[in-house]
1. Would you say ASP49 is open to solvent by less than 100 Å² (accessible area, probe 1.4 Å) and either under 30 Å from LEU112 (Cβ atoms) or assigned to a helix (DSSP H, G or I) (or both)?
2. Return the residues of the range 127-160 that are exposed (fewer than 11 other Cβ atoms within 10 Å of the Cβ), within 43 Å of the chain's Cα centre (by Cα) and either outside any helix (DSSP H, G or I) or modelled with pLDDT of 90 or more (or both); say none if nothing qualifies.
3. Given the conditions (1) small (Gly, Ala, Ser); (2) under 26 Å from LEU110 (Cβ atoms); (3) not in a helix (DSSP H, G or I), and given that ALA93 satisfies all but one, which numbered condition is not satisfied?
4. Any idea which residue in the range 97-123 is most open to solvent (accessible area, probe 1.4 Å), counting only those that are hydrophobic (A, V, I, L, M, F, W, C), in a helix (DSSP H, G or I) and closer than 16 Å to ILE74 by Cβ?
5. Would you mind telling me which numbered condition in (1) touching a residue at least 12 places away in the same chain (Cβ under 8 Å); (2) over 27 Å from SER84 (Cα atoms) GLU114 fails?
6. Step by step: first the residues of the range 72-87, then only those that are more than 23 Å from PRO60 (Cα to Cα) and either under 16 Å from the mean Cα position of the chain (by Cα) or hydroxyl-bearing (Ser, Thr, Tyr) (or both), then the one that is surrounded by the most Cβ atoms within 10 Å (Cβ to Cβ). Which residue is that?
7. Taking LYS44 as meeting all but one of (1) under 30 Å from SER22 (Cβ atoms); (2) of a type in the set (D, E, K, R); (3) at pLDDT below 90, write down the number of the exception.
8. Please go through the range 68-109 and give me each residue that is in contact with a helix residue (DSSP H, G or I) (Cβ under 9 Å, 6 or more places away or on another chain) and touching a residue at least 24 places away in the same chain (Cβ under 8 Å), ordered by number.
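The values are calculated or read from the model by the stated rules, or taken from the named source; none is laboratory data. These numbers were taken from a predicted model, which means no experiment stands behind them. Glycine also receives a Cβ, built like all others from the backbone with ideal geometry; neighbour counts cover every protein chain displayed. Areas reflect the complete protein model, heavy atoms only, side chains present, ligands, DNA and RNA absent. Shrake-Rupley method; radii C 1.70, N 1.55, O 1.52, S 1.80 Å.
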Amino acid sequence: MGSVYVNDFDFNNRSYRVYVQSEGRYRSKPKDIAQYYLKSDPGKLIPLDNFVRIEQTANPQVISHYNLFRSAEINGAGAPGRSSGQAIADMEALARKTLPGGMTYEWSGLSLEEIQSGGKALILFGLGLVFVYLTLAAQYESFVLPFIVLLAVASGVAGSGGRACDARAG
């Protein structure tokens, strides 16, 4: 009914795979299974439909897999006014509450990256400051001047206090 890989052969410097299968007209309908025979121990041919029952069923067109397990993909977004972190926490709480035993959930894509990078903002900010310091140290050829520049920028940002946005039409 299907095909079977036999071997490879080379022709004109190209490699071709050889598959054996019956012609389409002999395998296109379910009743065609009666045309296939199996050899029994004594050597007698027995029709395959003596062993197999054909039954029509309805199944999904695609069965998704994730990490080799059957899966169902759920796409969602947070409600208006809620952050993506709150939406992830809500989905995890809902999954713990409603999923039956033996089933679990796993994050992928942007949600997985958000969860993995959750507590790394301070580390990245610190590395950014070190990078800026080293760049300024190379530019000024001094290890002291970059501290003065970084402190001046920090006090300027902290001292502005949002007054630039406080202008009102009078």
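1. yes
2. If the condition is that a residue be exposed (fewer than 11 other Cβ atoms within 10 Å of the Cβ), within 43 Å of the chain's Cα centre (by Cα) and either outside any helix (DSSP H, G or I) or modelled with pLDDT of 90 or more (or both), then GLY128, VAL130, PHE131, ALA138 are the ones that fit.
3. That leaves (3) as the condition not met.
4. Within the range 97-123, the match that is most open to solvent (accessible area, probe 1.4 Å) is LEU110.
5. Every listed condition holds for GLU114 apart from (2).
6. My answer is SER84.
7. Exception for LYS44: condition (3).
8. SER84, GLY85, ILE88, GLU106, listed by residue number.
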